Structures are given as structure tokens and as C-alpha cells.
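Here is the structure we will look at, set down as C-alpha cells.
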Amino acid sequence: MTFVNQIAEIVHGVVDEFHGAANKNNGDTFLMIWRMGDIDKVSKLADMSILAFTRILGAIHRTPVLAAYRGHPGLQQRLGKDCRVNLSSGLHYGWAIEGAVGSEFKIDASYLSPNVSIAETVERATQIYGVSVLVAESVVSICSTPMATKCRLIDRVIITGSVVPMDLYVIDLDYLGLTVEQPLGPQRWTTRDRFKVRQFLENEKEQKWADGVKMVNLFNENADIASMRFRYTLEFIHVFNMGYQNYSQGEWQVAQRLLQRTRDMLGVEDGPSVALLKFMERTNYEAP
């Protein structure tokens with residue numbers, strides 16, 4: 001329980017900073033929501049959600065609290081010497097009914113909608129594509145154009161609960177490029193100190209609504225995000241985009257050659273390239 005709560009402290013804190021809200025936990029899964037009440041704020045909230053999950057990934061791999069688990073003998077024996085705490089995220093936009101579910105014995109605040117299941121499916125797809133953050137077309141279509149350019153189109157799929165095929169995008173992030181922060185010494189927090197810190201955090205949170213504050217600028221200026229994206233060159237992006245276009249148009253022989261290049265171009269395997277190659281291999285690279 002302590003382990004999950006250590007992760008929850010990071011996830012909940014960053015989501016709240018970017019005007020989201022924690023809804024429920026299901027084992028090691030967290031459901032986070034952004035309420036799209038004001039139509040004028042929809043685009044900015046979509047940008048905030050993308051930035052929040054990107055920041056969360058960096059924080060998970062930078063904190064010394066979670067880094068300590070990498071040297072745990074039991075975990076190393078069971079998961080291998082390179083084991084580490086990791087987290088994957090799936091983003092989707094859609095309607096939901098908000099309300100209390102339960103009885104006089106137990107009541108939970110919940111969201112009922114097929115879109116919740118779609119979001120869970122998008123998150124599970126991160127394992128198929130070997131990525132950390134997947135973003136559905138529904139989110140990319142409402143976020144700002146500068147933020148949308150940070151997302152790489154990797155596939156078009158049919159998801160149970162969705163009436164139409166859906167494009168999937170990845171935010172390219174390599175958390176292996178991050179270093180662990182130095183642990184802080186013992187801290188003595190008084191009630192007054194906690195109050196002042198909370199006031200500061202609330203002020204920082206409210207300032208994000210200012211017209212001059214662009215989420216894409218915060219994305220570009222964040223050192224952790226820059227480190228995680230350093231590996232992904234323009235050449236790689238261009239070659240992959242050409243390979244994907246050939247894949248989507250049914251030119252699978254050409255797509256095979258291009259995606260085989262991008263698979264190993266980064267020095268490590270590119271998950272989306274591997275996934276598309278495996279899918280085409282089922283029919284011997286002949287489009288159906």
C-alpha cells in the first residue's frame with residue numbers, strides 16, 4: 001500500500017497542479033479527469049492534460065524515493081537487475097455521467113461512460129506499442145496546434161466502445177535519459193510552513209490560466225522533458241512519418257523498409273515501429 005501511495009502522491013499532485021482531479025484507484029490504476037465545463041478553456045485543458053502526464057513520467061523516474069526500489073534484492077531477483085518503477089498513461093476525451101454510485105453502506109463518486117473504458121483501453125495499448133504515453137485522436141483534435149505537433153501519429157485502430165476507427169498518437173519520451181535527484185535532508189515542517197507552501201502552489205496553479213501562459217512553452221522549457229525527447233531526431237520523425245503513410249495507404253513493402261530503418265535508428269528499438277512491422281508480418285507484408 002505504501003508503494004502505491006508514493007506513486008499516487010506524485011500523480012495526484014501534478015494532475016492537481018494542471019487543474020485536473022483524481023477520481024478513483026483500481027489497484028495500480030488511477031483514473032484522472034479534467035472537467036471541460038467552459039468551452040473557451042477546452043483547448044487549454046487538453047494541453048494541460050498532455051503536459052501533466054509528461055511531467056508525471058519525468059517525476060516518477062527522477063524521485064529518489066522510487067529510485068530506491070531499483071536496488072531491492074527481491075525485486076531484482078523477480079524482475080531482473082534493470083527493474084525500475086514505471087508508469088504508462090492513456091488520454092481520451094469524451095462525455096461521462098458524474099455522480100454518486102452505491103448505497104447507504106458505501107458510496108463512491110464515479111464517472112459512468114463508454115469513454116472511461118476507451119481511456120482504459122488506450123492505456124493498455126501502451127504495452128502493445130512499447131511507449132509510456134498514448135494520446136487518442138479525440139484529445140489531439142481539441143488541443144492547440146503547437147501542442148498537437150508534439151504527438152506522433154502511430155496507428156489507426158478500432159476500439160470497443162468507439163463507433164468509428166480512432167487514430168493513436170504517442171508523445172515520444174525516453175525516461176532512461178533522466179538522472180535521479182539528490183535526496184533532501186530531514187525537513188521540519190510547521191503548520192505555518194505548510195500553509196505558506198500551499199498558498200504558493202495555489203498561486204502557481206491559478207497563474208496557468210493567464211492568457212500569456214502557453215502550455216507548449218512550459219513543455220519546451222522543462223529540462224526533464226527536453227532530456228526525455230533528446231533521442232528523437234527530426235530525421236527519425238520524417239522517416240517514420242513516411243513509413244506510416246505508406247502503411248496507411250497499403251504500400252506495405254515500402255513501409256517495411258522505412259519502418260525497419262526507424263526500428264533501430266534511435267539506438268534502442270522504437271516500439272511503434274516494431275508493433276507495425278509485427279502486424280504487417282502476419283500477412284507477409286501484403287495489405288489485405
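Among residues of the stretch 166-201 being assigned to a helix (DSSP H, G or I) and hydrophobic (A, V, I, L, M, F, W, C), the one that is farthest from Glu269 (Cα to Cα) is Phe195. The residues of the stretch 55-86 that are out of contact with any helix residue (DSSP H, G or I) (no Cβ under 9 Å at 6 or more places or on another chain), more than 15 Å from Val180 (Cβ to Cβ) and assigned to a helix (DSSP H, G or I), listed by number, are Pro73, Gly74, Gln77, Arg78, Leu79.
Among residues belonging to the stretch 1-24 that are more than 17 Å from the chain's Cα centre (by Cα) and open to solvent by 70 Å² or more (accessible area, probe 1.4 Å), point out the one that is modelled with the lowest pLDDT. Step by step, filter the stretch 1-24, then rank; the result is Met1. Would you confirm, using the coordinates I've provided, whether Ser49 is part of a helix (DSSP H, G or I), open to solvent by 20 Å² or more (accessible area, probe 1.4 Å) and hydroxyl-bearing (Ser, Thr, Tyr)? No: the conditions fail for Ser49.
Once the stretch 31-46 is narrowed to residues that are of a type outside the set (Lys, Arg), touching a residue at least 40 places away in the same chain (Cβ under 8 Å) and in a helix (DSSP H, G or I), the residue that is farthest from Leu173 (Cα to Cα) is Val42.
Looking at this structure, is Asp28 without any contact (Cβ under 8 Å) to a residue 40 or more places away in the chain, under 27 Å from Asn220 (Cβ atoms), exposed (fewer than 15 other Cβ atoms within 10 Å of the Cβ) and of a type outside the set (A, V, I, L, M, F, W, C)?
Details: without any contact (Cβ under 8 Å) to a residue 40 or more places away in the chain: yes; under 27 Å from Asn220 (Cβ atoms): no; exposed (fewer than 15 other Cβ atoms within 10 Å of the Cβ): yes; of a type outside the set (A, V, I, L, M, F, W, C): yes.
Spelling it out, it is not the case that Asp28 is without any contact (Cβ under 8 Å) to a residue 40 or more places away in the chain, under 27 Å from Asn220 (Cβ atoms), exposed (fewer than 15 other Cβ atoms within 10 Å of the Cβ) and of a type outside the set (A, V, I, L, M, F, W, C).
For the stretch 210-224, the set of residues classified as in contact with a helix residue (DSSP H, G or I) (Cβ under 8 Å, 6 or more places away or on another chain), more than 17 Å from Asp172 (Cβ to Cβ) and outside any helix (DSSP H, G or I) consists of Val213, Lys214, listed by residue number. May I ask you to list the residues in the stretch 240-255 that are within 18 Å of Arg156 (Cα to Cα) and either open to solvent by 50 Å² or more (accessible area, probe 1.4 Å) or β-branched (Val, Ile, Thr) (or both)? Within the stretch 240-255, Asn241, Met242, Gln245, Ser248, Gln249, Glu251 qualify. The set of residues in the stretch 135-160 that are in a helix (DSSP H, G or I) and among the polar types (S, T, N, Q) comprises Ser138, Thr145.
Within the bounds of the stretch 225-243, is there any residue that is in a loop (DSSP other than H, G, I, E, B), at pLDDT 90 or above and more than 23 Å from the chain's Cα centre (by Cα)? I'd like the intermediate steps shown before the answer.
Step one: of the stretch 225-243, the residues in a loop (DSSP other than H, G, I, E, B) are 230-233.
If we keep only those that are at pLDDT 90 or above as well, we get 230-233.
After this cut, where a residue has to be more than 23 Å from the chain's Cα centre (by Cα) as well, the list is none.
Within the stretch 225-243, none of the residues are in a loop (DSSP other than H, G, I, E, B), at pLDDT 90 or above and more than 23 Å from the chain's Cα centre (by Cα).
Residues in the stretch 127-158 that are under 22 Å from Met280 (Cα atoms), crowded, with 19+ Cβ neighbours inside 10 Å and β-branched (Val, Ile, Thr): Val131, Ile154.
Of all residues in the stretch 256-273, those that are open to solvent by 30 Å² or more (accessible area, probe 1.4 Å) and touching a residue at least 40 places away in the same chain (Cβ under 8 Å) total 2. Thr121 satisfies every condition listed in (1) open to solvent by 70 Å² or more (accessible area, probe 1.4 Å); (2) hydroxyl-bearing (Ser, Thr, Tyr); (3) touching a Ser or Thr at 6+ places or on another chain (Cβ under 8 Å) except (1).
I'd like to check something: does the stretch 97-116 contain any residue that is open to solvent by 60 Å² or more (accessible area, probe 1.4 Å), among the hydrophobic types (A, V, I, L, M, F, W, C) and part of a loop (DSSP other than H, G, I, E, B)? The answer is yes; a qualifying residue exists.
The values are calculated or read from the model by the stated rules, or taken from the named source; none is laboratory data. In this text the structure is predicted, and so the values were computed from the model without any measurement. No Cβ is skipped: glycine too gets one built from the backbone with ideal geometry, and neighbour counts run over all protein chains shown. Just so you know, the surface numbers come from the protein's heavy atoms only, side chains and all, with ligands and any DNA or RNA stripped out. Shrake-Rupley method; radii C 1.70, N 1.55, O 1.52, S 1.80 Å.
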